[in-house]
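What follows is a single structure, written as structure tokens, with notes after it.
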Amino acid sequence: MSSHPSKSALRFGQVVIGPPGSGKTTYCQGMLEFLSHLGRKGIVVNLDPANEGLPYSCAVDISELVTLDDVMDGLKLGPNGGLIYCMEYLEANLDWLEAKLQHHQDCYVLFDCPGQVELYTHHNSVKNIFAQLSKWNFRLTSVHLVDSHYCADPAKFISVLCTSLSTMLHVELPHVNVLSKIDLIEQYGKLAFNLDFYTEVLDLSYLVEHLASDPFFKKFHKLNKKLAEVIQDYSLVSFVPLDVQDKESMMQVLRTVDKANGYCFGDLEERNLQAMMSAAVGADFKFSTSLGVQERYVDANEKTVEDEVMDL
């Protein structure tokens with residue numbers, strides 16, 4: 001027999017990552033409640049040593065092992081250096097995490113991760129922790145949350161695309177990019193294009209040309225064009241819109257995640273044959289979904305920026 005009882009059966013879960021303030025903790029709380037309504041037994045594992053005042057009851061909390069405040073005070077590090085040290089410390093003490101997870105072998109696990117972008121684009125500790133979880137027979141999907149209001153700013157959206165692509169390539173897990181807080185998408189400005197342009201990351205040359213209309217960004221036109229070409233050459237990045245308070249939106253995200261990590265092909269719940277077959281052949285058309293989200297959250301009464309430019 002194996003010396004690791006955790007390898008006896010497949011376990012599924014999500015590692016929830018993204019920049020600070022993108023809604024990771026709120027997503028974990030909402031997804032945990034949503035899973036319970038579906039009859040799926042779930043837990044949240046807090047891997048963010050800077051998380052204080054958690055709105056949910058977590059089954060495993062990294063603060064029992066290390067906290068950011070203690071590291072910053074003891075080693076005289078800033079918040080970024082402190083977070084990197086905490087992740088390296090967790091990597092060196094993975095036996096602690098394994099022992100904690102042994103008590104929850106029949107649960108779907110949500111890992112609430114830190115919000116420092118460098119951890120997922122450059123540093124290797126978090127990547128190594130995820131790899132070890134896979135060795136413990138976890139089938140994980142990386143859920144990368146990004147604030148949806150970045151869509152209203154072409155420069156920030158290109159930056160988000162670069163960060164998302166870099167994270168996908170570095171983390172090396174099945175990956176789902178999520179536009180969080182979709183109900184606030186036009187809080188800081190109007191969208192230049194329809195929502196599906198951003199969720200499906202369509203021809204970015206239009207976005208680059210639109211960006212060049214700004215005098216400040218005109219001198220960076222060649223750079224933006226090359227960045228857009230890199231993103232389109234990989235052709236990996238797309239987004240699922242999410243309003244954590246909307247049941248249909250949560251279901252769409254969960255279906256995408258279940259397809260990515262293979263949960264929909266298991267026997268832990270009653271499966272819908274048609275849904276399984278569509279997942280197998282990739283027949284998941286999102287145009288109608290994006291259209292419904294746009295009708296609900298994007299103001300259709302006002303002209304887009306492109307229409308206003310044409311009028312001028």
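What residues have an amide H closer than 5 Å to that of Val237, excluding those fewer than 5 places away on the same chain, when H is modeled at 1.01 Å from N in the peptide plane?
none
Using the Kirkwood radius over C-alpha pairs as Rh, can you work out the diffusion coefficient of the stretch 102-186 via Stokes-Einstein at 20 °C, viscosity 1.002 mPa s, in µm² per second?
In µm²/s, the coefficient is 150.
Rolling a 1.4 angstrom probe over the protein heavy atoms, how many square angstrom per residue are accessible across the stretch 8-75?
With all protein chains present, the stretch 8-75 gives 42 Å² per residue.
When the Karplus curve 6.51 cos²θ - 1.76 cosθ + 1.60 is applied with θ = phi - 60°, which whole-Hz ³J(HN,Hα) does each residue of the stretch 171-176 get, with x for Gly and Pro?
6, 6, 10, x, 10, 10
Label the stretch 1-137 by shape, choosing from rounded, prolate and oblate, from the square roots a ≥ b ≥ c of the eigenvalues of the Cα gyration tensor; if a/c is under 1.5 it is rounded, and otherwise prolate applies when a/b is larger than b/c, oblate when it is not.
oblate
Per residue of the stretch 30-38, in order, report the coupling 6.51 cos²θ - 1.76 cosθ + 1.60 (Karplus, θ = phi - 60°) as ³J(HN,Hα) in whole Hz, putting x for Gly and Pro.
Along the stretch 30-38, the couplings run x, 5, 4, 5, 5, 4, 5, 5, 7 Hz.
Probe radius 1.4 Å, ligands and nucleic acids ignored: give me the carbon and sulfur share of the accessible area of the stretch 78-195 as a rounded percent.
Carbon and sulfur: 49 percent of the exposed surface of the stretch 78-195.
Could you list, bin by bin from short to long, the percent of Cα-Cα pairs of the stretch 58-157 in 10 Å steps?
Cα pair-distance distribution for the stretch 58-157, in percent: 13, 41, 30, 14, 2.
Using modelled backbone amide H atoms (1.01 Å from N, in-plane), which distant-in-sequence or interchain residues come within less than 5 Å of Ser142's amide H?
Here the answer is Val15, His175, Val176, since their amide H atoms fall under 5 Å of that of Ser142.
I'd like the accessible area for Asp70: 1.4 Å probe, protein heavy atoms, all chains in place, Å² to the nearest 10.
100 Å²
If you plug each phi of the stretch 61-76 into the Karplus form 6.51 cos²θ - 1.76 cosθ + 1.60 with θ = phi - 60°, what whole-Hz ³J(HN,Hα) values come out, in order, with x for Gly and Pro?
Those phi angles translate into 10, 5, 5, 6, 9, 7, 10, 5, 4, 5, 5, 5, 6, x, 10, 6 Hz.
If Phe138, Phe220 are ordered by their accessible area, calculated over protein heavy atoms with a 1.4 Å probe, which sequence runs from highest to lowest?
Phe220, Phe138
Classify the stretch 131-261 as rounded, prolate or oblate from the Cα gyration tensor: take a ≥ b ≥ c as the square roots of its eigenvalues, call it rounded if a/c is under 1.5, otherwise prolate when a/b beats b/c and oblate if not. List each step's numbers first, then the result.
Working: a/c = 2.67, a/b = 1.48, b/c = 1.80.
Because a/c hits 1.5 or more and a/b fails to exceed b/c, the stretch 131-261 counts as oblate.
With a 1.4 Å probe and every protein chain left in place, work out the accessible area per residue of the stretch 147-273 in Å², rounded to a whole number.
Result: 51 Å² of accessible area for each residue.
The values are calculated or read from the model by the stated rules, or taken from the named source; none is laboratory data. Here the structure is a predicted model, which means the values were calculated and not measured. All accessible areas refer to the heavy atoms of the entire protein, side chains included, with ligands and DNA or RNA removed. Shrake-Rupley method; radii C 1.70, N 1.55, O 1.52, S 1.80 Å.
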